[in-house]
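FYI, it's all coordinate maths here, none of it is from the lab. Because the structure is a prediction, the values reported are computed rather than measured. Here the Cβ positions follow ideal geometry from the backbone for every residue, glycine too, while neighbour counts run over all protein chains shown.
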Amino acid sequence: MDKRTTTETPRQLTRRELLISTAGIAALQTAAAAATAGATAATAAPATPAAAPTGPFTLPPLPYGDNALDPVISANTLGFHHGKHHRAYVDNLNKAVAGTPYADMALDKIIAATYGVADKSAVYNNAAQHWNHSFYWRSLRPQGGGEPPAALRQKLETSFGSVDACRKELLTAATAQFGSGWAWLVQDGGRLAVVKTGNADSPLSKGQRPLLTIDVWEHAYYLDYQNRRADYVTAVIGKALNWGFAADNLGSA
Ligand code: MN
């Protein structure tokens, strides 16, 4: 993916924010490198189905097994969510960018360049959902939850008063989001905040730096929790949230 470099500056983000945002897609680049290595050296990278469309973007493997988050999120849910929903975003993105200049652009730059552009909504929605899901998988971990690393905990206490107050804001944002969307912990300047976004939207488009996210589209929880979104979010926050990932995403601001 070495062609994902360009000197142009998308209008929605400063160059600094773009550099920051690349932290979130490190997994994508790692996955792409692994897939390339797998194709040439028959390493452990998962085989690509023969019918998969070709294109510049690839589905990153889950950073854990399908059953690793059970019972918070079942293998059934993870299998459909990653293997069907996320894969569809990647496949549809590849179709949407084929033969366009977007095929040679980095994912975050595509998102910035198509945000709010009416006739580019297919590119934007699939690109943003690819980014968001890649970030979501890493926002979770087996035996997660618990207490954040000290450096993050200090920032959470400064911004929210306590870690528990942050947990409550995450739950409120996740349950208050009407319809499909995402709840996020972000860094906004020197402070941390909880925000929610609808559909495919990302805090990146507001110049905020994502630290972690929770998918609240129904497909993220319906098989396990039916309509009980609050139960899903409560279980994720308490038992599956990857505070270490959020700490790794902290900037120096
Ligand atoms: Mn999803």
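Please work out whether the stretch 100-253 counts as rounded, prolate or oblate from its C-alpha gyration tensor, where a ≥ b ≥ c are the square roots of the eigenvalues and a/c under 1.5 means rounded, while otherwise a/b larger than b/c means prolate and anything else oblate?
Verdict is oblate for the stretch 100-253.
What is the distance, in nm, between label points placed 7 Å from the Cα along the Cα-to-Cβ direction at ALA103 and at GLU157?
5.4
Using a Förster radius of 35 Å, what is the FRET efficiency between SER121 and THR175 based on their Cβ-Cβ separation? Nearest 0.05, please. Walk me through the numbers before you get to the answer.
Numbers: r = 27 Å, r/R0 = 0.77.
Efficiency, from the Cβ-Cβ distance: 0.85.
Once each part is reduced to its C-alpha centroid, what is the distance from the stretch 154-195 to the stretch 81-111 in angstrom?
28
Could you tell me whether the stretch 65-166 comes out rounded, prolate or oblate from its Cα gyration tensor? Rule is a ≥ b ≥ c as square roots of the eigenvalues, rounded for a/c under 1.5, then prolate if a/b exceeds b/c, otherwise oblate. Walk me through the numbers before you get to the answer.
Details: a/c = 3.24, a/b = 1.54, b/c = 2.11.
Oblate.
So for the pair GLU218, ASP231, with labels modelled 7 Å out along Cα→Cβ, what separation do we get in nm?
Taking the two extended label points, one gets 1.6 nm.
How long are the semi-axes of the equivalent ellipsoid of the stretch 196-247, taking √(5λ) for every eigenvalue λ of the Cα gyration tensor, in whole Å from largest down?
Result for the stretch 196-247: semi-axes of 22, 16, 7 Å.
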